[in-house]
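Read the structure below first, then the notes.
Only the coordinates and a few stated rules stand behind these numbers; no lab work does. Model, not experiment: these values are computed from the prediction. When we count neighbours, we look across all protein chains shown, and the Cβ atoms used for this are built from the backbone with ideal geometry, even at glycine.
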Amino acid sequence: MKKGNKISLLAAVSVLTIALAGCGGAVSGFTEKTEKLAIGAGSGSGEVASLGKSTFKAEEFDDIAINVTAMLIEVVRSDNEFAEFELITDKAIDNKFTFKTAIKSRKLTVKVDEESKFGIIKPNNQKGERRLIISLPDKQYGKVAIQSDLGEISLSSVHANSTKVKVNAGSIILSGGSGKLELDAEVGDIKVDSVKLDHDLQANVSVGDIEIKLDEPPAAAELITKVDVGKVKLDLGQVSYKVDKGSEKTGSIGAKGPRLKATAAVGEVRISAK
């Protein structure tokens, strides 16, 4: 997106986020409501259409890089050998969308740009569902990177050497899969479920909550959990603590295990195992 054409709904979220930055969970709750009202299902006319679809064989690429501005992103498991990418938007949105996919040096890139057609703010013409649906075959990928300014990013059963997800205002929801994880939300929540701690896992929010539920208690792990304003709840069995406070719990289980690091400036960190 060109600098002069940032969509007004994203600017509004940024301004209100700064204004509420001392309110902890109220901010992430506000952000979630804002994204649903601005870009969620039914936020516009309710009549959606596909703006494009791209299909690639999984054998053609190893790495994935996705970059969008304001979008709900769903990454799900494909039931065949093809990776499919589809952009769905509300028909009432007046903005121009550019949807590009390409493979170069075995890296698949997906980029969605959005430009306002108007020189003045017309928020009623900008509201409406924006959704990028990604179906990935069951394969061990190399690097997976997803970045968004606004919206929810949901991933299910992605197996990669490393997965990096960043959202400025929104939420990250990850279920299953494997590999090294690096998750970052400026304002919003991070939820991780049904993963084994067999690689490093790092989650960070500036304002919001982090909830991590492991498949099972790790046999070995290095644990670093801390919030500046808020609480830490850690329930992983026998932990040898170096620091055991309400706002910081640092220690280890066994020896030489993967690192689990979860930090928040304002919010709550909750880590447990099934």
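Points to keep in mind about this one:
- FRET efficiency for ALA102 and LYS139, using Cβ-Cβ distance with R0 set to 25 Å, rounded to 0.05: 0.85
- Distant-in-sequence amide H partners of ALA203 (H built 1.01 Å from N, under 5 Å): LEU183, LYS261, ALA262, THR263
- For ASP138, the residues whose modelled amide H falls within less than 5 Å of its own, excluding neighbours fewer than 5 places apart on the same chain, are SER78.
- Gyration tensor over the Cα atoms of the stretch 42-196: the corresponding equivalent ellipsoid has semi-axes (square roots of 5 times the eigenvalues, largest first) of 27, 18, 13 Å.
- Taking a sphere under 13 Å around the Cβ of PHE82 and counting the other residues whose Cβ falls inside, with K and R at +1 and D and E at -1, yields a net charge of -3.
- Prolate/oblate/rounded call for the stretch 173-274, Cα gyration tensor, a/c under 1.5 rounded: oblate
- FRET efficiency, 1/(1 + (r/R0)^6) with R0 22 Å, evaluated for ASP193 and LYS53 via beta carbons: 0.15
- What the phi angles of the stretch 213-229 give under the Karplus curve with 6.51, -1.76 and 1.60, with θ = phi - 60°, is a coupling list of 10, 7, 4, 7, x, x, 6, 8, 6, 9, 10, 10, 10, 7, 10, 7, 10 Hz, glycine and proline written as x.
- Between ASP113 and LYS245, full extension at 0.36 nm per residue minus the direct alpha carbon distance yields a gain of 43.1 nm.
- For VAL229, the amide hydrogen comes within under 5 Å of the amide hydrogens of VAL266, GLY267, counting only partners 5 or more places away or on other chains and with H modelled in the peptide plane.
- Per-residue ³J(HN,Hα) for the stretch 75-90, Karplus 6.51 cos²θ - 1.76 cosθ + 1.60, θ = phi - 60°, Hz, x for Gly and Pro: 10, 10, 7, 7, 9, 9, 8, 10, 9, 10, 10, 9, 9, 10, 9, 5
- Entries in LYS191/LYS233; LYS191/LYS274; LYS53/LYS143; LYS213/LYS233; LYS143/LYS274 that, when Cα-Cα distance is taken, lie over 19 Å: LYS53/LYS143; LYS143/LYS274
- Computed from backbone phi with θ = phi - 60° and the Karplus coefficients 6.51, -1.76 and 1.60, the 3J(HN,Hα) list for the stretch 188-202 is x, 10, 10, 10, 10, 9, 6, 10, 9, 8, 9, 9, 4, 10, 10 Hz; x is used for glycine and proline.
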